[in-house]
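One structure below.
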Amino acid sequence: MLKQRIITAAWLAPLVLAGLFGLDGGAFALFTALMVLLATWEWANLAGVTRTVQRAQLVAVMAVLMLAMWLTGAATAIWPLWLSAAGWLVNLYWVTRYPASGGQWQATGRRLAMGLWVLLPCWVGFNVLRDIGMAWLLFVLLLVWCADIGAYFVGRNWGKRKLAPHVSPGKSWEGVFGGLAATAMLAILFALWLPLNLVGGITLVLVTAVVTLASVLGDLLESMLKRHRNIKDSSQLLPGHGGVLDRIDSLTAAIPLFALFYVEVLVQVFAQVPPL
């Protein structure tokens with residue numbers, strides 16, 4: 001298993017990095033759309049759609065929606081990001097009240113609708129951040145990675161209080177605090193690098209904390225859906241790593257939320273900072 005994980009990572013990481021940071025405009029939108037379409041294929045299974053033809057039809061519908069958004073300018077609009085924020089508040093309610101909340105979302109149609117407000121705004125968030133600047137896209141990616149690493153090491157060594165035992169028994173509150181500490185350090189380093197004044201730095205740290213918590217929720221949401229379907233991985237598309245959703249579950253929440261915060265809050269605070 002370890003050997004397979006290393007082999008997959010060896011070709012996957014350069015491909016993803018080249019696509020995210022080597023492309024722009026329509027090519028970048030197409031690259032990220034392909035990732036989201038693969039995630040849609042997996043989400044259909046999480047929603048209870050198991051027949052190949054039906055899953056392919058849902059992927060085609062998602063592709064048509066994304067094309068329509070691109071042609072109308074909605075692929076870089078702000079309203080899908082607000083839709084995402086509202087949707088993740090609903091997701092938060094369902095995750096924190098699982099399994100009692102199951103009756104509210106377990107119908108296949110509702111899980112498919114959930115996928116729309118999770119996956120489509122994530123794609124929009126990628127496009128918005130790429131237009132803002134590669135540095136901010138990199139920042140969100142680093143934020144999620146730092147949150148995962150901080151949570152893993154702190155949780156493994158000191159984790160005692162379970163975060164969501166019915167959803168993901170391995171996660172602890174101590175792990176969450178470890179992730180928050182790691183991303184706070186990342187935000188401080190970014191603030192010093194820009195450089196930002198005190199207000200700008202504090203604002204970035206606060207936004208980073210909220211987005212870090214959202215990334216944890218993204219992970220928990222997929223765990224909840226997989227637990228309901230009684231499956232370990234969203235798919236086997238990435239040998240040794242599970243599926244695409246298993247790799248981007250945290251990003252589905254972090255990317256659109258940070259993009260929304262940047263456009264609505266941070267751009268005002270950073271008004272005196274040269275563009276990246």
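Taken together, the values in this text are just the output of simple stated rules run on the coordinates, not laboratory data. Treat the numbers as computed from the prediction; the structure is a model and nothing was measured. All Cβ positions, even for glycine, are placed from backbone atoms using ideal geometry, and neighbour counts span all protein chains on display.
As a calculated quantity, the FRET efficiency between TYR93 and ALA135 at R0 = 45 Å, using C-beta atoms, amounts to about 0.85. Note on VAL61 and TRP82: with the Förster distance fixed at 25 Å, the Cβ-Cβ geometry gives a FRET efficiency of about 0.65. On full extension, the segment bounded by LEU206 and ASN230 gains 5.0 nm, given 0.36 nm per residue less the C-alpha separation. Taking a point 7 Å out from the Cα of ILE6 in the direction of its Cβ, the residues of region 212-247 whose backbone N falls within less than 16 Å of it are 240-241. Gain on full extension, evaluated as 0.36 nm per residue between ALA271 and TRP145 minus their Cα-Cα distance, stands at 42.6 nm. Taking all C-alpha pairs of the chain, those more than 30 Å from each other amount to 27 percent. What the Cβ-Cβ distance of ALA113 and LEU198 gives, at R0 = 41 Å and to the nearest 0.05, is a FRET efficiency of 0.45.
Distance between the modelled labels on LEU34 and SER101, one decimal in nanometres: 3.5 nm (7 Å Cα→Cβ projection). Using alpha carbon centroids, what distance separates region 154-181 and region 72-141, in Å? A separation of 24 Å, based on Cα centres.
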